[in-house]
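Contents: one structure, followed by commentary.
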């Protein structure tokens, strides 16, 4: 099961993610802010999806924190935003990928699938 942490302060967009990843293959934790990440109150997920524009600490700053963290540093990060320069901004912040808004469910699922831990899990179980 893929564990995803989403930080998005827009309720309708959080709902879209819940619908998109409602299956036995995903466990989605939706947060309105990055506070629990910054305070390291979560176990490391398989993937972070961070909106750039959220109240408090923005998604790019959360990404920088995640990538410099001993606890979360190896976790892939996808940034989502309506900002026209989001791909460059996400790359600069250390994100693994970016999805411009608006996006299709297909694009969302395909991007998340690129960072699937199934291959790593298969290798780890052979040890």
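Read-outs throughout are calculated quantities, based only on the coordinates presented, and are distinct from any laboratory measurement. Note that the coordinates shown come from a computational prediction; the quantities given were computed from them, not determined experimentally. Cβ placement follows ideal geometry from the backbone for every residue including glycine, while neighbour counts extend to all protein chains displayed.
Tell me the relative contact order for segment 1-114 as a rounded percent, counting alpha carbon contacts under 8 Å between residues six or more apart. Display every interim value, and only then the final one.
Numbers: 195 pairs, mean separation 24.8, N = 114.
That works out to 22 percent.
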*asked:* Test of understanding: ordering 32, 110 by Cβ neighbours within 10 Å, fewest first, what list do you get?
replied: 110, 32
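Take the eigenvalues of the Cα gyration tensor for segment 25-69, scale each by 5, and report the square roots as semi-axes in whole Å, largest first. It would help to have the intermediate numbers written out before the result.
Numbers: eigenvalues 53, 31, 20 Å².
Ellipsoid semi-axes (Å, largest first): 16, 12, 10.
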*asked:* I need the semi-axes of the equivalent ellipsoid of segment 45-88: take the C-alpha gyration tensor, multiply each eigenvalue by 5, square-root it, list largest first in whole angstrom.
replied: 19, 11, 9
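Give, in nm to one decimal, the length gained when the segment between residue 103 and residue 1 is fully stretched (0.36 nm per residue of separation minus the Cα-Cα distance).
34.3 nm is the gain from fully extending residue 103 to residue 1.
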*Would you mind ranking 33, 23 so that the residue whose beta carbon has the fewest other beta carbons within 10 Å leads the list?*
23, 33
_Could you tell me how many cubic angstrom of Cα convex hull volume the chain has per residue?_
104
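In deg cm²/dmol and to the nearest 500, what is the mean residue ellipticity at 222 nm of the chain if only DSSP H runs of at least 4 residues count, each as -39500 (n - 2.57), divided by the residue total?
Numbers: 6 runs with 50 residues, N = 127.
My calculation for the chain gives -11000 deg cm²/dmol from helical runs alone.
Treat the count of other C-beta atoms within 10 Å as a stand-in for reagent exposure and order 2, 114 from fewest to most.
On the way: 2 19, 114 12.
Lowest count first: 114, 2.
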